1. Positive end of the charge dipole of the range 39-173 (Lys, Arg +1 and Asp, Glu -1 on Cβ, about the Cα centre): tell me which of ILE109, THR85, ALA139 has its Cα farthest that way.
2. Once phi is turned into ³J(HN,Hα) by the Karplus curve 6.51 cos²θ - 1.76 cosθ + 1.60 with θ = phi - 60°, what whole-Hz value does each residue of the range 161-176 show in order, with x for glycine and proline?
3. What is the spread of the Cα atoms of the range 39-173 along each of their three principal axes, largest first, in whole Å?
4. Hey, fewest Cβ within 10 Å first, where do VAL95, VAL88 land in order?
5. Can you sort TYR136, TYR89 by how many other beta carbons sit within 10 Å, fewest first?
6. Taking other Cβ within 10 Å of each residue's Cβ, how do SER94, SER47 sort, fewest first?
Amino acid sequence: MAQYDFTSLTVGNATAGNAILASDHAVAFQNVNDLITPPMCRVKQTSGEVIDDASNTILAFDDEDFDTDGMHDNSTNNSRITINTAGVYLVIASVRYTAGVSDDARISILKNGGNVGIDERGPNNSRSGQQVMGYYDLAVADYLEAQVYQNNSVNSSRTIDTPYTFLSAAWIGQAS
């Protein structure tokens, strides 16, 4: 999907003889298309991933529930959702382990490889599940990842429960 600069489009009052420029028409057309089918992607795992004890791990995703803007590749950089249309996105990361994490567990959203300050932590002695979400102003080529950490005090790994582990990004609109 082509990227347009919406900030340069201005809409004035309609007057007789006032022509619409082809470039303005293309921008308006793209904006309407983005509202009809917004850029969005939700990726998931089809088999559990083992998360080592006391280790930060970026999750890999080998399947998609949907991808309307070519944001994910199941084999190349499959940990990433890469932005192709600039704007504000609602991003959600979710993880659940098949066995509880007794001391500490965390899930974080990363933007371009760095933590953007939104993460969920907490101990849980049963099925450990966590979810984080936030709104992000993203540019073309920015990428998002989900990073998890678990520490269960016995130095053993935990396996991801696939139905509840995903990363998604949904375009909300243009940034102001």
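A short reminder: the numbers here are calculations on the coordinates, not readings from a lab. As the structure is a prediction and not an experimental result, all values here were calculated from the model. When we count neighbours, we look across all protein chains shown, and the Cβ atoms used for this are built from the backbone with ideal geometry, even at glycine.
1. Checked the options; the winner is ILE109.
2. Values, residue by residue: 8, 4, x, 10, 10, 7, 9, 9, 9, 10, 5, 9, x, 6, 6, 7 Hz.
3. Principal-axis extents of the range 39-173 (Cα, largest first): 44, 27, 20 Å.
4. Values: VAL95 29, VAL88 15.
Ascending number of Cβ neighbours within 10 Å: VAL88, VAL95.
5. Details: TYR136 19, TYR89 28.
So the ranking, lowest neighbour count to highest, is TYR136, TYR89.
6. Values: SER94 18, SER47 9.
So the ranking, lowest neighbour count to highest, is SER47, SER94.
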